[in-house]
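Contents: one structure, followed by commentary.
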Amino acid sequence: MPSPPLLSRLVRPDTLTLPLLRTGGLAALLGLLGFLVSIAGSWRPSYWGDEAASVMSAERSLPGLFRLLDNVDAVHGAYYLLLHVWIDLFGSSELATRGLSALFVGAATAGTFVLARTLFTARVDVLAALVFALLPRVTYMGSEARSAAVATAVVVWLTVLLVHLVRSRPVDAGTRFALWAGYAGLLALGIYFFLYVLLLVPVLALAALLLTPREGDVRVSMRAWAIATGAALALAAPVITASLDQRDQIAFIGRRPPIPVLTAAVHQWFSNAPLAVLAWGLILLAVVMVFFVGGRRATPANTKAALGVMLAWMIVPSAALLIGTHLVTPMYSLRYLSICTPAVAIAIAVGIACLRPRWPQVAALGLITALMLPTYLEQRSEFGKNYGSDLRQAAEVVRNGAQSGDAVVFDESVRPSRKPRLALRLYPDAFAGLQDVTLAVPFDTTNDLWDVVLPLEQVTDRLTETDRVWVLQNQGSGENSRGDNIRTLQQLGFTVTESTMLNRTQIIEMTR
């Protein structure tokens, strides 16, 4: 008996969700692999500014955290609360806080496998999970103390639940109500973890429309989906309203040069041009084979529907942010589209599965691994975080040279997320016993993210009891160029004893 056409083997013709018990072991194994890939070496780079906001917010008392969220960063409130509990249990080291993100990448890897197996076949599911775990955007978010990994895990399992709801055989009304209520709660939770999960609402609507297998059930599915989505938006209304009130906090995006579409196509998910070319080539192959090949190799409608949903998941949020940034208000950042990575991985996996015989599939996966490896190693290098952050290294220089009673002065001329002062807040042990000369109000007693400070020239009286000052400056900053702090200290009788230049931070020892 002849074997079925290639593309018909990409989808299960019965199209009912597979029982998770049949795939749970493999899903767990792939989830573990995703976790290990993300957590490996994640502790090597220093924290950077956005992670500082996460850690410093999560370390506040709960009343202090709620006061902060009432003023700023409400869109990150759910993540800060989760991280607050996590830090209480495991501490605030890079390994601990980034390990939380790696765990959620593991959950998202397992979810990507289950979703791909539900929509396609075993020929696609393992490939999708492996590609997902290897994507540079995924290995980045899995090694960063921010909410992207949490939101991505919620989104992929939300989609698994939706597919189950629209494809499963009828069950009693109470069970279906409970499942749709769970869908509403999970969608609301995703919005609390990352506001731009809202951009996936039309994609989820398309999934409910296209993936319902029986035509007569489409109206029922869409009505249930609309009610559940309305309930989710009502539950998420507080964070949506707060985000509108606090929208000025992302106004800095408008001061950046616009990101060209081709740049976004490379760096949004793939980070380097060779990998992007290969990935988009495989996605194009999937599109051609699924939508345009006819005859015996014609693709079943349910395969087209499944891949169409994945393409919409990739394109709709990206287009909305790019167009909105150009026409409405700044809203686009490369990192914001992390929530699309499961769909990217599945679309690539479909392209790989179209290759015949088996060895080109293995070669394609090996090439993806080889092309992502330089980016992966760079992400886990000593200065692998954004802007080459060296906060921990700067703290170590101070720890090794300073003595109790010394003073420390920080460059305050750069934006808060790049200030060397963050080294003190993230690695406080290195600054134990030192006098923070310009501090006016500690961050954790304010309703804002950062410390309130005074100009050095206004607090020179605080230096009367010390003969050594450590000055931390950003290379190329306004303060570094003008030398105001150095000049003020020289007028007080201090002279430069030693200067150490790290990746972007200069540490100057001055004695009197």
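The values are calculated or read from the model by the stated rules, or taken from the named source; none is laboratory data. In this text the structure is predicted, and so the values were computed from the model without any measurement. Counting neighbours? That spans all protein chains shown, and the Cβs are built from the backbone with ideal geometry, glycine included. Quick note on the areas: whole protein, heavy atoms, side chains included, nothing else; ligands and nucleic acids left out. Shrake-Rupley method; radii C 1.70, N 1.55, O 1.52, S 1.80 Å.
Observations
- For the chain, the relative contact order works out to 20 percent when only alpha carbon pairs closer than 8 Å and six or more residues apart are counted.
- Dipole of the chain computed with +1 at Lys/Arg Cβ and -1 at Asp/Glu Cβ about the Cα centre; of Leu327, Leu278, Gln506, farthest Cα towards the positive end is Leu278.
- Put a dot 7 Å past the Cα of Arg214, heading toward its Cβ, do the same for Leu244, and the two dots end up 4.1 nm apart.
- Taken over the C-alpha atoms, the range 167-293 has Rg and Dmax values of 19.4, 55 angstrom.
- Carbon plus sulfur fraction of accessible area for the range 325-437, probe 1.4 Å, in percent: 59
- The residues of the chain present an accessible area of 41 Å² per residue when probed at 1.4 Å with all protein chains retained.
- Computed from the C-beta positions of Leu377 and His84 and an R0 of 41 Å, the FRET efficiency is 0.80 to the nearest 0.05.
- With eigenvalues of the C-alpha gyration tensor scaled by 5 and rooted, the range 276-384, Å: 28, 23, 9
- Folded to 0 to 90 degrees: helix 94-119 orientation relative to the chain principal axis, Cα: 10
- Label selected from (1) 0.98; (2) 1.04; (3) 0.95, the criterion being Rg/Rh (Cα atoms, Kirkwood Rh) as computed here: (2)
- Each principal axis of the Cα cloud of the range 309-352 was evaluated for its coordinate range; sorted largest first, these ranges are 37, 17, 12 Å.
- Bins of 10 Å, starting at 0 and running to the largest distance - Cα pair percent for the range 471-512: 31, 57, 12
- Ordering Gly351, Gly25, Gln403 by the projection of their Cα atoms onto the charge dipole of the chain, which places +1 on the Cβ of Lys and Arg and -1 on the Cβ of Asp and Glu, puts Gly351 at the extreme positive end.
- Estimated at 0.36 nm per residue, the fully extended path between Thr497 and Ala265 surpasses their Cα-Cα distance by 78.6 nm.
- Rh (Kirkwood; distinct C-alpha pairs) - the range 100-141, Å: 10.2
- Shape of the range 391-512, Cα gyration tensor, a/c cut at 1.5: rounded
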